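One structure below.
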Amino acid sequence: MRLTVIGTGYLGATHAACMAELGHEVLGVDVDPDKVAALQAGRVPFHEPGLPELIAKHTASGRLRFTTDHAAAGAFGEVHFVCVGTPQRKGSDGADLTYVDAAFAAIAGHAAEGALLVGKSTVPVGTAERLAAAHERVEVAWNPEFLREGFAVEDTLRPDRLVFGVRSSHAETTLRQVYAPVLDAGTPLVTADFPTAELVKTAANAFLATKISFINAMAEICEAAGGDVGVLAEAIGYDDRIGKKFLRAGVGFGGGCLPKDIRAFAHRAGELGVSLDFLREVDAINMRRRDKVVEMARELCGGSVLGARIAVLGAAFKPDSDDIRDSPALNVAARLRLDGADVTVYDPEALDNARKAFPLLGYALSAEEALQGADLVLHLTEWPQFREIDPERAARLVTRARIVDGRGALDGERWAAAGWHFRALGRPALAGERPGQGLWGGKRTT
Ligand SMILES: NC(=O)C1=CN([C@@H]2O[C@H](COP(=O)(O)OP(=O)(O)OC[C@H]3O[C@@H](n4cnc5c(N)ncnc54)[C@H](O)[C@@H]3O)[C@@H](O)[C@H]2O)C=CC1
Ligand SMILES: O=C(O)[C@H]1O[C@H](OP(=O)(O)OP(=O)(O)OC[C@H]2O[C@@H](n3ccc(=O)[nH]c3=O)[C@H](O)[C@@H]2O)[C@H](O)[C@@H](O)[C@@H]1O
């Protein structure tokens, strides 16, 4: 089939490449000419494992092309997927729908009569209905997306489920054709009306955010009572009804989706006269974890971080991504910098993005360089390579061997055995036991 994908950011570029992989002819459209030029040249302007290979393969074969021309896209496609951003509106918790509205208007004006316009962006319930009423020449459907950054290709080609919000058998049949290889592989399909399809997406993200904030609230109580949230999570996770996933306590969730989606969901519910205020508490718990890391840093530096050299390991909002949107790591780093600390950040993939957004922070080209002379180390994005750091070697690089594991991902016993004062959120402190070192891991001489 001939498909277009309007908006070729994280979601759209992945969707376009994966649709080409399924055998379709795909035209990606974006208003950003630099992004279009990069993608057309077979380059992906962000980090996503497996995506560069797919984009290169299908731009080379000619099955995947990119343009800035909505009119060309309207004329080309039988089905148009809208994947533009829905960020938080300035000065409000609600979603900014200007990009979605503009994309629908631009395509609806050029598309063939009766063409299918499929929304994939995450939107407040009621959006599909409103767009269908505004664009009667075309048919609207909603097909929310559940991919995770870092696993975007895998999640698109082998999703847990597909959800089609459709109003006609024609729309359902067309979407079944688009996704035929995915459905043939046994992927469950849920068909729904517009409001339900939109709500499935926001409900799923709200549930995931709630699960993370639940375990982070348990971390808070563990801190107060002297418990260990890692052990607690393991123990409750053995119950299948609870499950082990998304129970990693730490500095909390960030990214371009969970934070803004729970805010927009609570906001939209309020407009409809329904209280989802518990999501505001989910948000508040999440933000308190960032405060806690800042507070721990102050405490470990003797009451103030002024002049302290702090190494921050991680800038991306999660590993296997260069996405720094609402990154807890950079939020903490920037606050410590404001408090007068000399902060040096290292991340394997997100340094360029971090530098552009936070030019006043210091940056290192390796973890070793970041650790050099540090008074405190903060581990805030759990890249696998940070788990490989040898605590003995690391202790020789720093001025003071103190570390906060903000992701609960490091082996605290091992770090403490190497002389580090080791703190993690929701877990007991481990004091280094090297001879000659105080509780706080004094300066190493070797
Ligand atoms: N990033 C993710 O992992 C996922 C994102 N989503 C949702 O997908 C949507 C897009 O998110 P991202 O891809 O992360 O955003 P993004 O910001 O990376 O990409 C959006 C793209 O749309 C382009 N754009 C804006 N207006 C346009 C127009 N009128 N015509 C053509 N292109 C236009 C922008 O230039 C940009 O390249 C959001 O609603 C998000 O909540 C859903 C599931 C996963
Ligand atoms: O709507 C979206 O855009 C996507 O949002 C999330 O995907 P993503 O933001 O890529 O990343 P997640 O793996 O969900 O992680 C989100 C944040 O939660 C944090 N997290 C995750 C899991 C956990 O146990 N603890 C925890 O703090 C991560 O570090 C990260 O900052 C959802 O998982 C996707 O299903 C959804 O499609």
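The values are calculated or read from the model by the stated rules, or taken from the named source; none is laboratory data. Predicted model only: the values in this text are computed from it and were never measured. Neighbour counts are summed over all protein chains in view; Cβ atoms, including those assigned to glycine, are modelled from backbone coordinates with ideal geometry. Ligands, DNA and RNA are excluded from the accessible area calculation, which covers all protein heavy atoms including side chains. Shrake-Rupley method; radii C 1.70, N 1.55, O 1.52, S 1.80 Å.
Any idea which of GLY373, GLY438 is open to solvent by less than 60 Å² (accessible area, probe 1.4 Å), at pLDDT 95 or above and not aliphatic (A, V, I, L, M)? If you could, list the steps in order and put the result at the bottom.
On the way: GLY438 fails: at pLDDT 95 or above.
Residue meeting the stated conditions: GLY373.
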Restricting the range 187-226 to residues that are more than 27 Å from the chain's Cα centre (by Cα) and farther than 24 Å from ALA115 by Cβ, the residue that is nearest to ligand 1 (Cβ to nearest atom): ALA224
Among (1) open to solvent by 60 Å² or more (accessible area, probe 1.4 Å); (2) assigned to a loop (DSSP other than H, G, I, E, B); (3) out of contact with any helix residue (DSSP H, G or I) (no Cβ under 8 Å at 6 or more places or on another chain); (4) of a type outside the set (Phe, Trp, Tyr), the one test that ASP239 misses: (1)
Residue check, THR122 among the hydroxyl-bearing types (Ser, Thr, Tyr), in contact with a Ser or Thr (Cβ under 7 Å, 6 or more places away or on another chain), within 26 Å of GLY23 (Cα to Cα) and part of a loop (DSSP other than H, G, I, E, B): yes
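When you go through VAL123, VAL140, VAL166 one by one, which is the residue that is buried (at least 20 other Cβ atoms within 10 Å of the Cβ), under 24 Å from ARG268 (Cβ atoms), β-branched (Val, Ile, Thr) and within 16 Å of ligand 2 (Cβ to nearest atom)? Step through it out loud before you land on a result.
Details: VAL140 fails: within 16 Å of ligand 2 (Cβ to nearest atom); VAL166 fails: within 16 Å of ligand 2 (Cβ to nearest atom).
Every option except VAL123 fails the conditions.
Name every residue in the range 384-405 that is open to solvent by 10 Å² or more (accessible area, probe 1.4 Å) and outside any helix (DSSP H, G or I), in order of residue number.
Residues of the range 384-405 open to solvent by 10 Å² or more (accessible area, probe 1.4 Å): 384-385, 387-390, 392-393, 396-397, 399-400, 402.
Hits for the range 384-405 are GLU388, ILE389, ASP390, THR399, ARG400, ARG402.
Can you pull out every residue in the range 321-341 that is of a type in the set (A, V, I, L, M) and either open to solvent by 10 Å² or more (accessible area, probe 1.4 Å) or out of contact with any strand residue (DSSP E or B) (no Cβ under 9 Å at 6 or more places or on another chain) (or both)? Break it down into steps so the answer makes sense when it comes.
Residues of the range 321-341 of a type in the set (A, V, I, L, M): 324, 329-330, 332-334, 336, 338, 341.
Correct list: ILE324, ALA334, LEU338.
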Qualifying residues in the range 242-290 (those that are open to solvent by less than 60 Å² (accessible area, probe 1.4 Å) and aromatic (Phe, Trp, Tyr)) - the one nearest to ligand 2 (Cβ to nearest atom): PHE253
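Kindly indicate whether SER275 is of a type outside the set (D, E, K, R) and not in a helix (DSSP H, G or I).
Details: of a type outside the set (D, E, K, R): yes; not in a helix (DSSP H, G or I): yes.
For SER275, the condition - of a type outside the set (D, E, K, R) and not in a helix (DSSP H, G or I) - is met.
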Residue satisfying all of: in the range 126-137; among the charged types (D, E, K, R) and part of a loop (DSSP other than H, G, I, E, B); least open to solvent (accessible area, probe 1.4 Å) among these: ARG137
